[in-house]
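Readers should treat all values here as calculations from the given coordinates under stated rules, not as data from a laboratory. Note that the structure is predicted; figures quoted are calculated from it, not measured. Virtual Cβ from ideal backbone geometry, glycine too; neighbours counted across all protein chains shown.
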Amino acid sequence: MHELTIVKDIFDTLDAHYGARARDIQKVQITTGLLCNVQPVLIQNAFDAFIAENKTNKEIDLEVIVNDIVAHCENCHRDFEVKYHRFICPYCGSPSHKIVQGDELYISEVVLIK
């Protein structure tokens, strides 16, 4: 289950960036793309398990934003949403391998107690 590793990395990043203020975090939002294969329910379960096991701030909330896959056609220079893992431009029919969105995984927002 790679979600546990992801959650540990999230907390390591928060600790490194915020130091002692990491205890004041109320909410963490992560943004992931469909190509990362991160399931919101599994990441939430891993997040809850990590908090319980490490006795960190139990009031912290997690929000997961999942981005669709968007590719760029180098033939007609348009971006298009990839459906059913078909990287074929719907405008001109050319295959595309240039991913614009959908392979990301990052902390997009952190809310601290005022």
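Local charge sum around N37 (other residues, Cβ-Cβ under 11 Å, Lys/Arg +1, Asp/Glu -1)?
That works out to -2.
When the Kirkwood hydrodynamic radius is evaluated over all pairs of different C-alpha atoms of region 24-88, what value in angstrom, to one decimal, is obtained?
For region 24-88, inverting the mean 1/r across all distinct Cα pairs yields 14.2 Å.
Please report, for the Cα atoms of region 1-52, the Rg to one decimal and the Dmax as a whole number; what are they, in angstrom?
11.4, 34
K55: net charge of surrounding residues, Cβ under 15 Å, Lys/Arg +1, Asp/Glu -1, itself excluded?
Its environment carries a net charge of -1.
Run the reach check for K8 against lysines, Cα to Cα strictly under 28 Å, same-chain hits fewer than 8 apart removed. What comes back?
Here the lysines satisfying the reach criterion relative to K8 are K27, K55, K58, K114.
Given charges of +1 on the Cβ of Lys and Arg and -1 on the Cβ of Asp and Glu, with all other atoms neutral, how large is the dipole of region 7-93 about its Cα centre, in debye to the nearest 20?
Once rounded to the nearest 20, the dipole reads 60 debye.
Could you work out how much longer the chain between H2 and I88 gets when fully extended? Use 0.36 nm per residue separation minus the Cα distance between them, nm to one decimal.
28.0 nm
Once Rh for the chain is found with the Kirkwood sum over Cα pairs, what is the Stokes-Einstein diffusion coefficient at 25 °C and 0.890 mPa s, in µm²/s?
After rounding, the answer is 156 µm²/s.
Among the GluC sites (Glu not before Pro) in region 1-69, which ones are in a DSSP loop with at most 11 other Cβ atoms within 10 Å of the Cβ? Mind listing them?
Hits after loop and neighbour filter: E59.
State the extension gain, in nm to one decimal, for the chain segment bounded by N67 and I107, taking 0.36 nm per residue of separation less the distance between their alpha-carbons.
Length difference between fully extended and current span is 13.1 nm.
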